[in-house]
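Reviewing the structure listed below.
The values are calculated or read from the model by the stated rules, or taken from the named source; none is laboratory data. Keep in mind the model is a prediction, meaning the values are calculated, not measured. With ideal geometry, Cβ positions are generated from the backbone for all residues, glycine too; neighbour counts draw on all protein chains shown.
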Amino acid sequence: MFKKTPLAAGVAAFATIIFAGGCAVADADKSGKVDYTAMTPHELAEYLMFEANGGGGFNLSQEVQEGGTARERMQQDELQKACSIIDDGKPDAETLSAIRAAAQESIVYPEGGIKLGDWKKGRELAWSGFGYRIGHNFDDHSKREAGGTCYNCHQLATDRTGGTVGPSLTGYGKTRGTSDAILKYAYDMIYNPHVYFPCTHMPRFGANGMLTEEKIADIMAYMFDPESPVNE
Amino acid sequence: MPAMGWTATNKDNPLMEVSMFKKALLALPVALALGAAAHAEKPPEEVLQGLIDSVDSAYLTQSEQNLLMMPDNPALWVGMDGEDLFHTARGPNNVSMEACDFGKGPGVLEGAYVEMPRYFEDTGKVMDLETRIVHCMTEVQGFDKDDPAVKQRHGSGSDHMKLQTYIAMQSNGMEWNNPLDHPLEKAMRDAGEVLFARRAGKADFNCFACHGQSGKQVRASVLPNATVGEDWTKAISWPAFRVGHDNVRSSQHRVRGCYYQMRQAGMKAGSDASIAVISYWTDLARGQPAILPDMKR
C-alpha cells in the first residue's frame, strides 16, 4: 500500500533505531529468562506485544475480517510508526510533509470522478459503529456490513447525538456548497485525512480499506445532498 | 438498537435504571456498615466531589445521577462479599488470603492497591492486582489454574471481582503511588508509555486519539483526558460499577475494552503488555486520590 517515498525511507531508518526488526533484541540470559531491563522502552513494548506470555500479550493468531491474522493488524505501517510519538507529539516538519505526500499518493479516485450516492444509506453508515472489531466479540461482516463510525467523533444531523473528537459536520453541504474542490476535499478527508492533517486521529477509511468506494459515495451524499437531514 | 460502537451497550435502557434503584435501596445498609469499617473518613463520593470542586472538568461532572447513587453503589455489596471471601480458608491448601502479600506484607491491605502494579520478589515480576490475586489463589491457596475461582475474571458474581473490590476499597481516598524504584517497575512503566502512543490496527488509533484532550465526547460519553490528573484518577479508579453493564468491572476489563474499540487485537488477561499499560496509567494519576469503588457510565 505504501510506495517507497521519502517517508517510507525516513521512517524505515527510524524504525531500525527504535526496534531492530523481529525480536532478536530480547536475548535470554543464563537462566533462560528474558531481561526486560536490558531493552529500550520501544523494544520492550514490541516484545510485550509480540513475544511475551507465549506468543505475545494479545491474541495474535485470531483471524481478522480483512484476511490474515491479528498479528499482522498489530504490526505498524510507516505512517503509524511515524505518528507514534511519546506523549502524542508530532514528528518534525520534514516527516510531516513526507506523510502528506505519501497520503496524497495513496488516494484512489473513482473512475468518472467523485459522485454522491444514496444519502439514506450514507446516514446509516455514518451512524453505525459496527465493523472490524476483533478479540472477545468479533464483528461478523457476513451478518452485517461494516459502518463508518463517523458519529463516534462528529456531530452530523442533530436528531442523533454525535461525538466531538472531530469538528461538527452539521450543515456541511449547505455551508460549503458542492463545488468540485469541496467534494474532492471531503473525499480526500475520508480516504486519507493525512493529506491535510498529518498524524491526525481520524482513521484512513479509504486507504485502510474500512470503506468501499460505494460506501464513501453514500456517506458523502449524506454530507452534501440538499435532501439529507445534515443540511436541514 | 443501533450499534453504539465505542460506548456502553444498554445504558439508555430505562429498565436498567429500575433495577439499579432496587439494588440501590438494598445497598444502603451495606454502605453504612462498610463505610464505618473501611477507610472512609471520606467515602468515594466525597473523594470525587473534592476533585470536582478543584477543577473544571466535563468528564468528572458528566453524570450527576451516578454521583447521587454512589453512597448506594452496588459495588459496595460486591466488596462486602469480597471481605468474606478474603478471610475464608479456601482452596486445596485451606488457607485464607491473609497469607498473601499484596506488597505491604502478608494480609496488609491498607494502601496496597494504590501502590500497584509493583515488583514482587517472590515471582520476580511486576504484577497488577488481578495477576497478584491469581498468584495467591494458585500458589498460596493451591487452586488449579483452571479452577473457576481463578479463571472467571469478569462479572460482579466472580471471586475475582469480589476480591478486587474489597482489596481496592482499602485504598479509597489514598494517592496513587505505584513504585518505580525497581528497574523492572521502571521498564514496565516506560513500555506502557510507548504502548499508549503506539498507533496500529485498522483505524490507526493510539490511546491519545480519544484521551488526549479535555471535554471531548465519543457520542454521548465524555472522555477522560489522560494528561489531566484529576480526570485520570477517576478514569483508572477500578473496580467500578458500570451502570451500562450492570456489573462491577476491573482495570483489566477496561484495557481489553479500549483495545477492542481501537480495532486492535484482543488483550490476553494479565499479560505483561496489559500490566505495562496499567503501570503507565497509574503513574499518570500519581498523587491524585483514588475513588474506590467508583461508579461509571
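Tabulated results
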{"read-out": "Lone unmet requirement of (1) facing chain B (nearest Cβ under 7 Å); (2) more than 25 Å from A:Leu183 (Cα to Cα); (3) touching a Gly at 6+ places or on another chain (Cβ under 6 Å) for A:Gln76", "value": "(3)"}
{"read-out": "Members of the stretch A:54-63 found to be assigned to a loop (DSSP other than H, G, I, E, B) and at the interface with chain B (Cβ under 8 Å from one of its Cβ atoms), listed by number", "value": "A:Gly56, A:Gly57, A:Asn59, A:Leu60, A:Gln62"}
{"read-out": "Flag for B:Gly244 being farther than 18 Å from B:Gly157 by Cα and either surrounded by fewer than 20 Cβ atoms within 10 Å (Cβ to Cβ) or in contact with a Cys (Cβ under 6 Å, 6 or more places away or on another chain) (or both)", "value": "no"}
{"read-out": "The lone exception for B:Leu68 - which of (1) over 24 Å from B:Trp281 (Cβ atoms); (2) within 14 Å of chain A (Cβ to nearest Cβ); (3) not in a loop (DSSP other than H, G, I, E, B) it fails", "value": "(2)"}
{"read-out": "Enumeration of residues in the stretch A:100-153 that are surrounded by fewer than 16 Cβ atoms within 10 Å (Cβ to Cβ), of a type in the set (S, T, N, Q) and within 23 Å of A:Tyr172 (Cβ to Cβ)", "value": "A:Gln104"}
{"read-out": "The stretch B:138-192: number of residues that are acidic (Asp, Glu) and under 19 Å from B:Lys125 (Cα atoms)", "value": "4"}
{"read-out": "Residues of the stretch B:240-297 classified as acidic (Asp, Glu) and under 11 Å from the mean Cα position of the chain (by Cα), total", "value": "1"}
{"read-out": "Residue identified as within 13 Å of another protein chain (Cβ to nearest Cβ), in a helix (DSSP H, G or I) and of a type in the set (S, T, N, Q) among B:Gln252, B:Gln213", "value": "B:Gln252"}
{"read-out": "Residue within the stretch A:2-17 that is assigned to a loop (DSSP other than H, G, I, E, B) and either modelled with pLDDT of 95 or more or within 30 Å of A:Asn137 (Cβ to Cβ) (or both) present", "value": "no"}
{"read-out": "Residue list for the stretch A:83-99, filter: within 9 Å of chain B (Cβ to nearest Cβ) and surrounded by 22 or more Cβ atoms within 10 Å (Cβ to Cβ)", "value": "A:Cys83, A:Ser84"}
{"read-out": "Boolean, B:Tyr260 is within 14 Å of chain A (Cβ to nearest Cβ), more than 23 Å from A:Val165 (Cα to Cα) and not in a loop (DSSP other than H, G, I, E, B)", "value": "no"}
{"read-out": "Helices (runs of 4 or more DSSP H) fully within the stretch A:125-215 counting 2 or more residues that are within 8 Å of chain B (Cβ to nearest Cβ) and within 20 Å of B:Ala220 (Cα to Cα)", "value": "A:150-153"}
{"read-out": "Residues located in the stretch A:159-175, provided they are in contact (Cβ under 8 Å) with a residue 40 or more places away in the chain, surrounded by 13 or more Cβ atoms within 10 Å (Cβ to Cβ) and not aromatic (Phe, Trp, Tyr)", "value": "A:Leu169, A:Thr170, A:Gly171, A:Gly173, A:Lys174"}
{"read-out": "Residue check for A:Asn192: in contact with a Ser or Thr (Cβ under 8 Å, 6 or more places away or on another chain) and closer than 21 Å to A:Gln75 by Cβ", "value": "yes"}
